[in-house]
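The values are calculated or read from the model by the stated rules, or taken from the named source; none is laboratory data. Everything numeric in this text was worked out from a predicted model, so none of it was measured. All Cβ positions, glycine included, derive from the backbone under ideal geometry; neighbour counts span all protein chains shown.
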């Protein structure tokens, strides 16, 4: 694993003069690195491609969602905000777009942040009826009569509490187990899967567990935005049933950056990772105790078919040694 960065560097420097040819049109670029694993991998991949493919001088800025958006609003920087979860930005992001200060490049994850109720795929294959919530309610014993809920204080706890009430899980013989922490929730899944036992509960991606374990998302019915929004209120007196919509997660840049760096902006418009691929990369990172940079190397060397199409012709030439491996 430790040799991978050297292998990647060897491929990347094959055409330094070609990269320099583009640097005059790129120059210094500031990009966020949020304080969670998937964002750090995204930033490492983007930074590498901008440096080696487009000749940019990249400055990585450690941040979080609200501080990053606030900095763009007040200071017009950083240039690029990666893995921006729109459901966490309030009205600020919309106001910046409407004011012409930021431009949305593209979804950075497809289909976005995935939430839902899950069972192991081996259980779904043995009992296909469990792939719908109706099938689970009719056969609670097949999921060991238990639903693993989110910890207190998480947004998903409120939604799942309302869904549990609307579906009357307890009345249908399914105990709602409120996990004491995220670690308890993840461990419950891991223990069940490793022993090929039933498990039924909430989880989200991209995350290590959904990359490490083969899980099947339960069909909770159609997504009803009105019901889902109401279910996010802990004081909802009339909870309903709606599946979880995918959370939109995007890359955004300042308008100034878009105008001054159209080729790099085009790269960002193309830069979309599959959520399932990102979960797999995070699982590899966890299993190998790897850094975000090493996880980015793993992605770049194993998912060439995904990212090669993001590049323009000049950048593809600059990275030709890597692409030929």
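List of remarks:
- Of the criteria (1) assigned by TED's automatic domain parsing to the domain that holds residue 276; (2) surrounded by 15 or more Cβ atoms within 10 Å (Cβ to Cβ), which one residue 259 fails: (2)
- Looking across 108, 114, 102, 72, one residue alone is within 17 Å of residue 270 (Cβ to Cβ), in contact with a helix residue (DSSP H, G or I) (Cβ under 7 Å, 6 or more places away or on another chain) and buried (at least 19 other Cβ atoms within 10 Å of the Cβ). It is 108.
- Condition check for residue 140: out of contact with any strand residue (DSSP E or B) (no Cβ under 6 Å at 6 or more places or on another chain), over 30 Å from residue 288 (Cβ atoms) and loosely packed, with under 15 Cβ neighbours inside 10 Å: no
- Selection status of residue 207, in the same structural domain as residue 106 (by TED's automatic domain parsing) and either free of Cβ contacts under 8 Å to residues at least 24 places away in the same chain or surrounded by 18 or more Cβ atoms within 10 Å (Cβ to Cβ) (or both): no
- Taking the criterion of being over 15 Å from the mean Cα position of the chain (by Cα), at pLDDT 90 or above and in a strand (DSSP E or B), the residues of region 33-87 that qualify are 57, 58, 59, 60, 61, 62, 80.
- Residues that are surrounded by fewer than 18 Cβ atoms within 10 Å (Cβ to Cβ) and closer than 25 Å to residue 218 by Cβ within region 231-244 comprise 232, 233, 234, 238, 240, 241, listed in sequence order.
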